[in-house]
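The values are calculated or read from the model by the stated rules, or taken from the named source; none is laboratory data. The structure presented is a predicted model; accordingly, all values stated were derived computationally and were not measured. Note that each Cβ is placed from the backbone with ideal geometry, even for glycine, and that neighbours are counted across all protein chains shown. Ligands, DNA and RNA are stripped out before the accessible areas are found, and what is left, the full protein with its side chains, is counted by its heavy atoms. Shrake-Rupley method; radii C 1.70, N 1.55, O 1.52, S 1.80 Å.
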Amino acid sequence: MGSFGIGASVRRKEDLRFLTGKGKYTDDINRPGQLQACLLRSPHAHAEIAGIDTAKAMAAPGVAAIFTGADLQAPDLKLGALPCGWLITSKDGSPMAEPPRPLLAHGKVRHVGDPVAVVVAETRGQAEAAAELIEIAYKELPAVVAADEAIKPGGPRLFDAAPGNLCFDWHLGDKAAVDTAFARAHHITRLDLVNNRLVSNPMEPRAAIGEHDSATGDYTLYTTSQAPHVHRLLIAAFVLQLPEHKLRVVAPDVGGGFGTKGSLYNEQALVLWLAARLGRPVKWTADRSEIFLTDNQARDHLTQAELALDADGKFLAMRVATLANLGAYLGSFAPAIPTWCYGTLLAGNYATPAIYVEVKGVFTNTAPVDAYRGAGRPEACYVVERLVDRAAREMKIDPVALRRRNFVANDAFPYTTPVALTYDSGDYFKTLDMALEAADYAGFEQRRQEAATRGKLRGIGIATYIEACAMAPSVLAGQLGARAGFYESAEVRVHPTGSITVFTGAHSHGQGHETTFAQLVSDRLGLAFDQVDIVHGDTAKIPFGMGTYASRSLAVGGTALVKAMDKIVNKGKKIAAHMLEAAEADIEFADGKFAVAGTDRAASFAQVAFSAYVPHNFPIETLEPGLDETAFYDPTNFTYPAGCYIAEIEIDRETGTVALARFTGADDFGRIVNPMIVEGQVHGALVQGIGQALYESAIYDPTSGQLMTGSFMDYCMPRADNFIPFALETNTTLCAHNPLGAKGCGEAGTIGAPPAIMNAVLDALAPLGITALDMPATPERVLRAMAQPRPA
C-alpha cells in the first residue's frame, strides 16, 4: 500500500492523543463511589512482626477498613499467595525452593517496602494519614543484601524452605567437554564481572482499581499491565480462586512497561479482594518512592567467566559461574531470567565448540529481581563481549579480527549452539562491516591523538550481540518450567462497509502497535490506513493473549494477525467467486480487489464485505455469513536479532567524567515494518543500556538493608544532555520461520550497549595500566581507578 504499508515510516497514529494529553491511563480512571487504598510498608529489611495495633488508625477520619497480614490468613478467606510463573530444576534434579509470597507480610518482613497492612479510606490523603497511626512492634533481624554474602554458612536466613538462601543451583552445557578444552588451551582469559542492579522507573507508576458486582459476582481490574490475560489467569486461579470468566482485566494506556509491569504484584489482587469485601471499588496508585522500593528490580549478577583459546585465537570453550540475586521473593518469571534467558545466550555470535554455565539463584533482603528490558540477554552479552575484548588485549590480537575469526559462518545456518539454541539466520560479518564503516573505525587513532592534545583519554569499544526473542515454542517452554504458553492471538473483524477492527492479544506500552499492526492490515488487505482500528488490553474483548515482552509483538502477534487475514482473504475469495460467477481457483486478491484472473471482472474488498453481511448474493448453502476470523500462532523457534555497536568515549583526567563522543550501531531485525518506530525503539533501549554502563545503580546498605538510592536525587537516571545523536544502520536477514521474516527490535540497545561502552572505557584507561572496572563507570569510580598505584 505504498506510503502506509510494510516498510513505510508512518507517524504513530496513537501519538495524537498522547501529545495532546488525551491518553487514558489507569490513574485517570475513577469509579463511582470508589475508596482509596494505602499500603503501610516495612521500614526494616528483615524483622519479625511482634504485634500490630490499628485502633488509632481505625478511628481516623474517613477510614473504611484496615487489614493486616494476619487478617488475610483466616482459613475461610482461601486467599492464595502470588504464584511464580516459571519453575527451575536444579542440576541435581531437585525442584527449586518456592517460598510463598503473601499479599501482606505476616510473621516476618523480608525487605524494606514489604507491605504489612492496607488502609482503605474515602480519600488517598486520609488513607495515608491513617497509615501513619498504625503501631507496629518489630524485632529486627540481621539483613543480607549481596548474593555472595547470602550463601555463606551461618548468615541471615530468609526462608526455612530455602536453606542457605538458595532458590536453585542450575546448569547448562557439557562440563566434561569444557574441562577437556580448557586442559589443552593455549591461552585462558579470566574475568570477575559485576552486572549492577537497576531500577526500571517507567514514566507511569503502577496502579490498580478493583471493582466487584455483587449481583453477578463479576470482578473488574483496571491496571498497568503488559499482559492482562496472564494477570487474569494468575489472580483467578492462584490468588482469589475465582472462575476465570468472572474476572475482567483492563489495561488502558500504559506509560512504559520495560518488563516490570509484566509481573503480578500484591496490589493488583488486593484491590479486587478489598472491593468485594467492602462493596465499593478500591483504587491504589504508587508514588515514586514505592516504585523504588517495591517494583521488580533487575540484573544484579556476580560472575566468574573464563574463555579458552588456541594459539590462533580460535575459541575452544567458555566456562561461567554466576550468582544471581533474586531479592526477597520470587517475581512472576524471575527464575527464568538468569537461567534459560541468560545461559542459552552465552554463545553470542560465536561458534564456540563447548560452553558450560552454572547459576545459583539466591534470596536476599532486597526488592525482588525479575524481567527488565533485555531480561537475561544483556547479562549474557556483557559476559561474552567483555571476555572477548580482554582476550584480544591479552593475546595482542585486534578485537575486530578476533571476532571475525570466531563468528558463526554464513553457511552454517541453521546453527545449533552448545547451549540449546538453534540460530535460524544471520550475517554477522556484514553487520560488523556496516558498523565499522559508519563509525569510521579506521580513523579512530587520529581522533585519539587529537583528544590527547586536549588532555582527554579517548577510547573505542566494540560489542556484537545476539538475542533470543519471542519465547517459543510453548511445548518447549513447558518442558523448561514455564507455567504458561507463548502463543498469540488475533481477531480480524471486517465490518459491512469494509473497515476493520483488529483485536490483538499483544499489548502496547509505548511500542506503537496501533500504527504497526494497522500497516500490516493496510499492506495485506489494501485498505486505507484510517480504515483500521487496533484494540488491545481488555480481556473481555480479546480471545486470549500473552501480552508484550521479549520483543514478541510483531514476530508473534503480527504473525497471528497475518494468519487471521489469510483466513479473511480465503473466505473473501469464496464470496467473490459467487459474486463474479467464477471458479474460486480463478480468484486473485491484490491491492484491495478480488479479481477473476485474466479478466477485468473484479469486486472491491468493501463490496465483498458488504455481501458477507447483507447476503443477497452469497453462497449461503456452503458458507456462513459474516467476515470475522481469529487465529492463534505458536512459534516453532525464537527469533534471533543480532548486531554490532561501537562506542567512542572521552574521559576527563581531572574529573573522571566519561562523555560519549560517538555511538554507532548496525542491527539485523529481519523485516522492518516501520523504520521510524524501530529507530525510536533502538534509541530508547540504547539510552537504558548506556544508562546502566555509566550512570545507574541500585545500592543497598550492606548492614541495614536500606535502599541508599531510593529517589532521583540518589539514583542517577540518564538525561538528554548526556547523549549525542546515534548513527544507526540496519542489515536484513529474514527470520526463517515466520511469514513476516521479523525478528524483534525493542531490547537490542540494552543488550549491546553496556559492553560496548565498558570496552571503550577500558580502552581509554589501558595506557594507565587499568584492566578492570565495574559498571557504572561513574566519575568517582573512574577517578579511584586512576589513582590506584600500579607497577612501573
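Which of the residues spanning segment 583-593 are over 18 Å from Gln531 (Cα atoms) and either touching a helix residue (DSSP H, G or I) at 6+ places or on another chain (Cβ under 8 Å) or of a type in the set (D, E, K, R) (or both)?
Of all residues in segment 583-593, those over 18 Å from Gln531 (Cα atoms) come to 583-589.
The answer is Ala583, Glu584, Asp586, Ile587, Glu588, Phe589.
Go through segment 338-358 and give me each residue that's among the aromatic types (Phe, Trp, Tyr), open to solvent by 10 Å² or more (accessible area, probe 1.4 Å) and assigned to a loop (DSSP other than H, G, I, E, B). Talk me through it step by step, then tell me what you get.
Looking only at segment 338-358, we keep the residues that are among the aromatic types (Phe, Trp, Tyr), and these are 340, 342, 350, 356.
Filter again for open to solvent by 10 Å² or more (accessible area, probe 1.4 Å), leaving 340, 356.
Within segment 338-358, Trp340 is the sole residue that qualifies.
Under the condition of being open to solvent by 20 Å² or more (accessible area, probe 1.4 Å) and either of a type in the set (Ser, Thr, Tyr) or in a loop (DSSP other than H, G, I, E, B) (or both), the residues counted in segment 83-95 number 6. Quickly run through segment 391-420 and pick out the residues that are surrounded by 20 or more Cβ atoms within 10 Å (Cβ to Cβ) and either small (Gly, Ala, Ser) or on the phi > 0 side of the Ramachandran plot (or both). If the condition is that a residue be surrounded by 20 or more Cβ atoms within 10 Å (Cβ to Cβ) and either small (Gly, Ala, Ser) or on the phi > 0 side of the Ramachandran plot (or both), then Ala391, Ala392 are the ones that fit.
Let's see how each residue does on (1) touching a residue at least 12 places away in the same chain (Cβ under 8 Å); (2) more than 18 Å from Asp300 (Cα to Cα); (3) of a type in the set (Gly, Ala, Ser); (4) not in a loop (DSSP other than H, G, I, E, B):
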position	(1), (2), (3), (4)
Val673	yes, yes, no, no
Ile677	yes, yes, no, yes
Pro702	yes, no, no, no
Ala736	yes, yes, yes, no
Gly744	yes, yes, yes, no
Gly749	yes, yes, yes, yes
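Could you tell me whether any residue of segment 192-210 is in contact with a strand residue (DSSP E or B) (Cβ under 9 Å, 6 or more places away or on another chain), open to solvent by 40 Å² or more (accessible area, probe 1.4 Å) and either at pLDDT below 95 or among the β-branched types (Val, Ile, Thr) (or both)? Yes, that holds for at least one residue.
Among the residues of segment 600-614, those that are outside any helix (DSSP H, G or I) and either under 13 Å from Ala577 (Cβ atoms) or among the aliphatic types (A, V, I, L, M) (or both) comprise Arg601, Ala602, Ala603, Val614.
Quickly run through segment 407-423 and pick out the residues that are without any contact (Cβ under 8 Å) to a residue 12 or more places away in the chain and either outside any helix (DSSP H, G or I) or aliphatic (A, V, I, L, M) (or both). Spell out how you get there, then give the answer.
At the first step, the residues of segment 407-423 found to be without any contact (Cβ under 8 Å) to a residue 12 or more places away in the chain are 411, 416.
Scanning segment 407-423 gives a single hit, Thr416.
Working only within segment 629-653, note down all residues that are open to solvent by less than 30 Å² (accessible area, probe 1.4 Å), in a loop (DSSP other than H, G, I, E, B) and under 30 Å from His495 (Cα atoms). Pro635, the sole residue that qualifies. Restrict the check to segment 654-673 and report whether at least one residue is open to solvent by 40 Å² or more (accessible area, probe 1.4 Å) and under 24 Å from Gly512 (Cβ atoms). Yes, the conditions are met somewhere in segment 654-673.
Only residues that are touching a strand residue (DSSP E or B) at 6+ places or on another chain (Cβ under 6 Å), assigned to a helix (DSSP H, G or I) and touching a residue at least 24 places away in the same chain (Cβ under 8 Å): list them for segment 578-599, please. I'd like the intermediate steps shown before the answer.
Going residue by residue through segment 578-599, those that are touching a strand residue (DSSP E or B) at 6+ places or on another chain (Cβ under 6 Å) are 579-580, 582, 586-588, 593-595, 597.
Now restrict to residues that are assigned to a helix (DSSP H, G or I): 579-580, 586.
Of everything in segment 578-599, just one residue is touching a strand residue (DSSP E or B) at 6+ places or on another chain (Cβ under 6 Å), assigned to a helix (DSSP H, G or I) and touching a residue at least 24 places away in the same chain (Cβ under 8 Å), namely Met579.
Conditions (1) more than 29 Å from Gly741 (Cα to Cα); (2) assigned to a helix (DSSP H, G or I); (3) touching a residue at least 40 places away in the same chain (Cβ under 8 Å); (4) touching a strand residue (DSSP E or B) at 6+ places or on another chain (Cβ under 6 Å), marked per residue:
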{"residue": "Glu379", "(1), (2), (3), (4)": "no, yes, yes, yes"}
{"residue": "Asp389", "(1), (2), (3), (4)": "yes, yes, yes, no"}
{"residue": "Leu402", "(1), (2), (3), (4)": "yes, yes, yes, no"}
{"residue": "Arg405", "(1), (2), (3), (4)": "no, yes, yes, no"}
{"residue": "Ser425", "(1), (2), (3), (4)": "no, no, yes, no"}
{"residue": "Leu436", "(1), (2), (3), (4)": "no, yes, yes, no"}
{"residue": "Gln446", "(1), (2), (3), (4)": "yes, yes, no, no"}
{"residue": "Arg458", "(1), (2), (3), (4)": "yes, no, yes, yes"}
{"residue": "Ala472", "(1), (2), (3), (4)": "no, no, yes, no"}
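The residue that is surrounded by the most Cβ atoms within 10 Å (Cβ to Cβ), counting only those in segment 752-792 that are of a type in the set (S, T, N, Q) and either in a helix (DSSP H, G or I) or free of Cβ contacts under 8 Å to residues at least 40 places away in the same chain (or both), is Asn759. Within segment 731-746, the set of residues being open to solvent by less than 20 Å² (accessible area, probe 1.4 Å) and at negative phi comprises Asn731, Cys735, Asn738, Leu740, Ala742, Lys743, Gly746.
Quick check on segment 493-545: of everything there that is assigned to a helix (DSSP H, G or I) and polar (S, T, N, Q), which residue is most open to solvent (accessible area, probe 1.4 Å)? For segment 493-545, the residue satisfying everything is Gln531.
For segment 68-79, the set of residues classified as part of a loop (DSSP other than H, G, I, E, B) and either in contact with a Cys (Cβ under 8 Å, 6 or more places away or on another chain) or surrounded by 17 or more Cβ atoms within 10 Å (Cβ to Cβ) (or both) consists of Gly69, Leu79, listed by residue number.
Out of Thr180, Thr216, Thr220, one residue alone is in a helix (DSSP H, G or I), of a type in the set (Val, Ile, Thr) and either in contact with an Asp or Glu (Cβ under 7 Å, 6 or more places away or on another chain) or open to solvent by 40 Å² or more (accessible area, probe 1.4 Å) (or both). It is Thr180.
Among the residues of segment 1-49, just one is without any contact (Cβ under 8 Å) to a residue 60 or more places away in the chain, open to solvent by 80 Å² or more (accessible area, probe 1.4 Å) and not in a helix (DSSP H, G or I), namely Lys22.
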